[in-house]
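The values are calculated or read from the model by the stated rules, or taken from the named source; none is laboratory data. Since the structure is predicted, the reported quantities are computational estimates derived from the model, not experimental observations. Ideal geometry is used to build each Cβ from the backbone, glycine not excepted, and the neighbour counts take in all protein chains shown. What goes into the accessible areas is simple: the full protein's heavy atoms, side chains included, and nothing from ligands, DNA or RNA. Shrake-Rupley method; radii C 1.70, N 1.55, O 1.52, S 1.80 Å.
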Amino acid sequence: MNTFSSWSHDRASSANMATEDLPSDFDIVILGTGLTESVVAAACSRVGQRVLHLDRRSYYAGNWASFTFNGLLTWIQEQNEEPKPEEVRDWSGLTEEGEELIHLSQADSASITNLQVFSYVSEEEEEEEAANTIEEEKAADEEAVKESSETESADSKEEDEEEEGAGEEEEQPAQAEGEEPEVDQPRPSPSSQSEPSRKKISYAQLVKEGRRYNIDLVSKLLFSRGSLVDLLIKSNVSRYAEFKNVTRILTYRHGNIEQVPCSRADVFASRQLSVVEKRKLMRFLTSCVEETEEQTAYHGRPYLEFLQDQQLGDNLQHFLLHSIAMVAEDTPTEEGLASTRHFLRSLGRYGNTPFLFPVYGLGEIPQCFCRMSAVFGGIYCLRHSVHCLIVDRDANRCKAVIDSRGQRISCSHIVMETSYLDRSKVATPSRFLSRAVLITDSSVLPSESDQQISMVTVPPEGGSPAVKMVELSPSSMTCIPGTYLVHLTCRSVGSAHQDLSPLVTRMFRTTESQEEDRRPSVLWSLYFNMADGTASQVEGQPLPSNVHICHGPDSALGHEDAVQQAASIFQSILPEEEFCPPAPNPEDIVYDGDNTSTGEDRGDMGQDDEQNPEQNQNQENRNQNQENQNQENPDPEQNQNQGNPELQSVGPEERPASS
């Protein structure tokens, strides 16, 4: 039996905690709500540890967060503000003999730099368009009234014919705006279909409907057989989220977007490969499943050299190197083959690509683990921080912390993200990531379906680094209909704008051009550099032995580093316990003061959806968005994921059976 304890939501808890002190004794205090910290919190709470989870920010997930459009504008404004000088207060009165203080930083470290924002719609045009739209709607209404009165005066036969014709006219624009045509209807060509989807979106509309955006600070995907998906399934945390299949893998080559054949069906359906190339590719992919003596002989040599010696042409080398293994040409063969196997193992579990993406954005994943921690007694408080660590000099262990209200809280272990360390103890990151976020008006590769979620690989060219691009459609609940959300990421050479704007200029329209151009137009863009978490190093005097540091997001496409880091920290704290054992089903949980479990009680688990309206949509808005999406996707199976122990996709691809 397990006990449920309500967690403290940011707004409600802030009001309550302002008048009440926190409990004075915990097993583990965790600072920061990034993915690694949240997984550690869930794992520790699950095995009975008393966890206090704090974040000085007003939103969850730190650099892993997702924002609404309006919330992102607020975040940009905060990042551009000059940091306030930190006020060091004297907390020595709370220490005992043999104890010393270690002061923590009260401001975010410089993990985000070089922010640049570009909007490509002027406000004057928006006002004119809004006025014109109103006039057009009024004129259309008057014309409709006039036509209806004329129709009523006609005889019954003519009236039936006119009503039938008017019905057809009304159905056509409704179909052009949203739904795909029925199977038995003729399908328009991609070129003709892409035109009506390009509705002109104004900046005012982006702001007005900004709550329907969920924009990630970090761009990653989940490998279907990766460590994060395995952890979500094992721990039953997957019940708190929904997932979509990444429907296609694309590559940018010779100025064109091409689809990468990766599954057996894709290979044999591909028009880009000859029959001989298809056979060679299938033979190579089959041989990659297990290591052979021939592969071992190439250890330490470039992966490209290995591919060339397999008598694979330029087409196949490009697909295998840049889109399947996703490694550089000089990557050692053993690493290239390991990446290829990881890709192939994830194929077919949920669809024809190896990747999944969480509905409402990646910022949902840390919050799902926070929710699990709360179910098992974790206490949460945003806009609440720790000023000092109290350390036993002789044992070199942290005994307690002093929070932002001067309360001493005893604990056995501290887990915190790097930004909480005094800046003098943290070396300047040696590596950064360049990020770009674009809102566009159409897909980079239009298709008959508007449900596409695409992973695009761009190989290095002319000294520029390789770029990974993820294009999200409205079906992912990250952008409004009529727009796409595009994330670009690469290792930094210069500023994000210097690294990525040349590629954006080649692939998208960023300024008004007189010539007809079918490239997607960029409506709004954000560029920034983010510190590569794996490059952060702690300098100076070693930290106490029971203080554990979590670094931020790394440059990899998957989440292996964050999960491995969380597992390592958990094992160092509780070496005898299982990492994230399966959580019981909600109906098996016994609540405090109640011997029965009701559906109403179980609904309390989802209360954190009311948290921080500037970061995430509340439950009402999400339900409305899901209802709208269900109208576009009438297949009820596409919207199921409750009650299944396996992590499920809501896409049309193969899904694991319910149990």
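Quick notes on this one:
- Condition met for LEU94 (in contact with a Cys (Cβ under 9 Å, 6 or more places away or on another chain) and either free of Cβ contacts under 8 Å to residues at least 24 places away in the same chain or within 23 Å of LEU35 (Cβ to Cβ) (or both)): no
- Residues of the range 482-533 satisfying the condition of being in a loop (DSSP other than H, G, I, E, B), of a type in the set (A, V, I, L, M, F, W, C) and open to solvent by less than 10 Å² (accessible area, probe 1.4 Å): PHE508
- Subset of the range 444-460 [in a loop (DSSP other than H, G, I, E, B) and open to solvent by less than 10 Å² (accessible area, probe 1.4 Å)]: ILE453
- Within the range 461-473, the set of residues being open to solvent by 20 Å² or more (accessible area, probe 1.4 Å) and free of Cβ contacts under 8 Å to residues at least 40 places away in the same chain comprises GLU461, GLY462, GLY463, SER464, PRO465.
- A search for C-beta distances below 6 Å between a residue of the range 316-334 that is free of Cβ contacts under 8 Å to residues at least 24 places away in the same chain and any residue that is part of a helix (DSSP H, G or I) and open to solvent by 30 Å² or more (accessible area, probe 1.4 Å), counting only pairs 6+ apart in sequence or on different chains, returns ALA325/SER339.
- Wholly enclosed strands (runs of 3 or more DSSP E) of the range 229-323 bearing at least 3 residues open to solvent by less than 60 Å² (accessible area, probe 1.4 Å): 243-245, 248-253
- Given (1) touching a Lys or Arg at 6+ places or on another chain (Cβ under 6 Å); (2) loosely packed, with under 13 Cβ neighbours inside 10 Å, number of the condition ASN80 does not satisfy: (1)
- Summed over the range 22-58, the residues that are of a type in the set (A, V, I, L, M, F, W, C) and assigned to a helix (DSSP H, G or I) give a count of 7.
- Here the range 102-122 is the region considered, the condition is being assigned to a strand (DSSP E or B) and in contact with a helix residue (DSSP H, G or I) (Cβ under 7 Å, 6 or more places away or on another chain), and the residue that is farthest from CYS550 (Cα to Cα) is SER119.
- The residues of the range 338-374 that are open to solvent by less than 10 Å² (accessible area, probe 1.4 Å), hydroxyl-bearing (Ser, Thr, Tyr) and farther than 28 Å from ARG212 by Cα, listed by number, are THR340, SER346.
- Residue match in the range 29-39 (condition: open to solvent by less than 40 Å² (accessible area, probe 1.4 Å), over 17 Å from VAL547 (Cα atoms) and at pLDDT 95 or above): yes
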